[in-house]
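The structure appears right after this line, and notes come after that.
The values are calculated or read from the model by the stated rules, or taken from the named source; none is laboratory data. None of the values given here were measured: they were computed from a predicted structure. Backbone-built Cβ (ideal geometry, glycine too); neighbour counts: all protein chains shown.
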Amino acid sequence: MTRYIFIFGGVMSGIGKGTTTASIARLLKDRGFRVTAMKADPYINVDAGTMNPIEHGEVFVTHDGLETDQDLGNYERFLDQNILAYNYMTTGSVYKAVIERERNLEYGGRCVEVVPHVPEEIIRRIHEAGKRARADFVLIEIGGTVGEYQNMLFVEAARMMHLSDPERILFILVSYLPIPDNIGEMKTKPTQTASRMLNTAGIQADFIVARAKQTLDASRRHKLSVFCNVQPDHIIAAPDQSSIYEVPQLFRAQGFDDNIMRHFKMNRAPRKHREWDIMVNRMKAAKKPATIAIVGKYFKTGDYELGDSYISVLEAIRHASWVQGIKPEIVWINSEEYEENPKAVNELSQYDGVIIPQGWGSRGAEGKIRAIQYVREHNIPFLGLCYGMQMASIEFARHVLKIPMATSQEIDQKAKDHVIHFIPEQCKRIQHKDYGGSSRLGAYACKVRSGTISHSLYGKSLVHERHRHRYEFNNNYRKRFEKHGMVFAGIHRKLNLVEIMELPSHPFFIGVQFHPEYISRPLSPHPLFVGFLRAASAHRKQRPALKPSLQQRVSPKS
């Protein structure tokens, strides 16, 4: 008998609904239950693929090829299992399904209305996700904040499910308790208001997760209990933690999982959390520093830096670091800085490793190429991800093969030497402006060549990696690259596409057309990131000390 747990947000966005959802899922999995998690996004977009990463954060890609919200990546990392496309829905995808059903006369000629037909489609998807996962628990995170009109239909679906089967439904409100600097006191009024707004939608929270800079005291717990109509031990303190991976331990210490099972009148299965605790202890014990520069373009918005644009890359760095006792220090570098001031690229000599992550379009491309040339020529460990591999191909063609106008078809359609070009089937799609969900997406097989660095890291010859791109390496240049020392270590055999390229003469220089960061998890770090961090740690012993001016660029969230 599947149970359903809905997680709502109060007061403001960005308070950790995704981490809360993933942490509860982990606690229940550690009890031996089959658990899956879903995200309901209130956007009219059919999927997350067309959303600006600076505004929305990273687009995560599932194994079966759907572009989704980054929270699905968190679910996968905490549960250490794949979360598939059916576990993500947007307002746009729900409306699209309802309209298609209406066009197919599946409503039997009835008038189709927003209520109840749209919430009914949401409910159908929730039940179906539970069946496909054969889940004991389905956790459903409702995007947005309580009181917004954008997510009202998802809230209504939750209310309808509770009405029809209250014994199998549980509601959690994750809300923020601010501590204004000029007052110096934690305030409960915003959460009281959020709770009442949820009540007006016909929903009474069973639990409140109290997010704040500090832990919740007895006085505020009592106030929330009285004014929000929630039992005191169902109010879970959630102060800021040094890492999101400590949150399951924080919840477990307060008996959150015990109380959830008590709510459902279930026998409390024994906890089996040793593996997770070992990982957290390893994370806390990591001391060896390694400074990693990420040269990208999707993290600057006004005066603020948003690491959410590359959150899977950040997490993959951390996973690979901790398993080796390394404490990573992350530095953000806007690639456009190297276009405006080419000499600034010399600062890369003081970093232990450089990553060029994913990206789209021409903006900042030349800065990335300059960065890659520098790290290649100065033997600094390098890892290029998707667009990063493509820029590495262009750099190698220009400066080693002496093809000065080498470029990508994405950057310059009319150029002569397209080292990177359109995947053939993509041409027609772009001509017809078929952009949504039409790039090469999801997991594909990659044959890894024996005797290569990549093969030694993977330890096997066949791997499956996730993709999200429209452009590929142009095979017309492959022999020239190989003649000058580039090794194509991974190939998608069916389509004969380059997946991995590496320079064996370099301490660590690997570019991949796929996104290894999508499948890195704290309990199973990705081998390519492990190899990269190992090389970065070794390089640290040889490079000059980081200047104070550059040390200031290290992210405090590293």
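If I filter segment 37-64 down to residues being among the hydroxyl-bearing types (Ser, Thr, Tyr) and over 14 Å from ARG77 (Cβ atoms), which single residue comes out as farthest from the chain's Cα centre (by Cα)? Full working, then the answer.
Kept after step one, since they are among the hydroxyl-bearing types (Ser, Thr, Tyr), are these residues of segment 37-64: 43, 50, 62.
Still in the running and over 14 Å from ARG77 (Cβ atoms): 43, 50.
Numbers: TYR43: 18, THR50: 16 Å.
It comes out as TYR43.
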Scanning segment 44-72 for residues that are at pLDDT below 90, touching a strand residue (DSSP E or B) at 6+ places or on another chain (Cβ under 6 Å) and not β-branched (Val, Ile, Thr) gives ALA48, GLY49
In this structure, does ALA158 turn out to be among the hydrophobic types (A, V, I, L, M, F, W, C) and surrounded by 14 or more Cβ atoms within 10 Å (Cβ to Cβ)?
-> yes
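If you scan segment 64-79, which residues turn out to be touching a residue at least 40 places away in the same chain (Cβ under 8 Å), in contact with an Asp or Glu (Cβ under 9 Å, 6 or more places away or on another chain) and not aliphatic (A, V, I, L, M)?
From segment 64-79, those touching a residue at least 40 places away in the same chain (Cβ under 8 Å) are 64-67, 69-71, 73-79; that's our starting set.
Narrowing further to those that are in contact with an Asp or Glu (Cβ under 9 Å, 6 or more places away or on another chain): 66-67, 69-71, 73-75, 77.
If the condition is that a residue be touching a residue at least 40 places away in the same chain (Cβ under 8 Å), in contact with an Asp or Glu (Cβ under 9 Å, 6 or more places away or on another chain) and not aliphatic (A, V, I, L, M), then GLU67, ASP69, GLN70, ASP71, GLY73, ASN74, TYR75, ARG77 are the ones that fit.
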When the residues of segment 30-59 are filtered to those that are of a type in the set (D, E, K, R) and over 25 Å from VAL313 (Cα atoms), which remaining residue is surrounded by the fewest Cβ atoms within 10 Å (Cβ to Cβ)?
-> ARG34
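Here is a yes/no grid of residues against (1) free of Cβ contacts under 8 Å to residues at least 40 places away in the same chain; (2) of a type in the set (S, T, N, Q):
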| site | (1), (2) |
| --- | --- |
| GLN204 | yes, yes |
| SER225 | yes, yes |
| ILE235 | yes, no |
| SER243 | no, yes |
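Would you check if PHE481 is buried (at least 19 other Cβ atoms within 10 Å of the Cβ), among the aromatic types (Phe, Trp, Tyr), over 24 Å from THR62 (Cα atoms) and in contact with a Phe, Trp or Tyr (Cβ under 6 Å, 6 or more places away or on another chain)?
Details: buried (at least 19 other Cβ atoms within 10 Å of the Cβ): yes; among the aromatic types (Phe, Trp, Tyr): yes; over 24 Å from THR62 (Cα atoms): yes; in contact with a Phe, Trp or Tyr (Cβ under 6 Å, 6 or more places away or on another chain): no.
No; evaluated as a whole, the condition is false for this residue.
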What pairs come up if the first residue lies in segment 442-465 and is more than 21 Å from LEU503 (Cβ to Cβ), the second is of a type in the set (Val, Ile, Thr) and assigned to a loop (DSSP other than H, G, I, E, B), and their beta carbons are under 8 Å apart, counting only those six or more places apart or on different chains?
-> GLY442/THR62
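Can you go through ARG468, ARG480 and tell me which one is charged (D, E, K, R), on the phi < 0 side of the Ramachandran plot and at pLDDT 95 or above?
On the way: ARG468 fails: at pLDDT 95 or above.
Only one candidate passes the filter, namely ARG480.
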Conditions: (1) in contact with a helix residue (DSSP H, G or I) (Cβ under 8 Å, 6 or more places away or on another chain); (2) modelled with pLDDT of 95 or more; (3) of a type outside the set (A, V, I, L, M); (4) over 26 Å from VAL174 (Cα atoms). LYS287 meets all but one. Number of the miss?
-> (1)
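Just to check your reading of the model, which residue among GLN254, GLN241 is polar (S, T, N, Q), out of contact with any Leu (no Cβ under 7 Å at 6 or more places or on another chain) and surrounded by 13 or more Cβ atoms within 10 Å (Cβ to Cβ)? Please lay out each step first, then the result.
Values: GLN241 fails: out of contact with any Leu (no Cβ under 7 Å at 6 or more places or on another chain).
Among GLN254, GLN241, only GLN254 is polar (S, T, N, Q), out of contact with any Leu (no Cβ under 7 Å at 6 or more places or on another chain) and surrounded by 13 or more Cβ atoms within 10 Å (Cβ to Cβ).
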For PHE227, state whether it is within 19 Å of GLY32 (Cα to Cα) and either at pLDDT 95 or above or not assigned by TED's automatic domain parsing to the domain that holds HIS319 (or both).
-> no
Among LYS272, LYS297, LYS343, which is touching an Asp or Glu at 6+ places or on another chain (Cβ under 7 Å), at pLDDT below 95 and not assigned by TED's automatic domain parsing to the domain that holds PHE78?
-> LYS297
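Take LEU163 and decide whether it is surrounded by 15 or more Cβ atoms within 10 Å (Cβ to Cβ) and at negative phi.
Working: surrounded by 15 or more Cβ atoms within 10 Å (Cβ to Cβ): no; at negative phi: yes.
For LEU163, the condition - surrounded by 15 or more Cβ atoms within 10 Å (Cβ to Cβ) and at negative phi - is not met.
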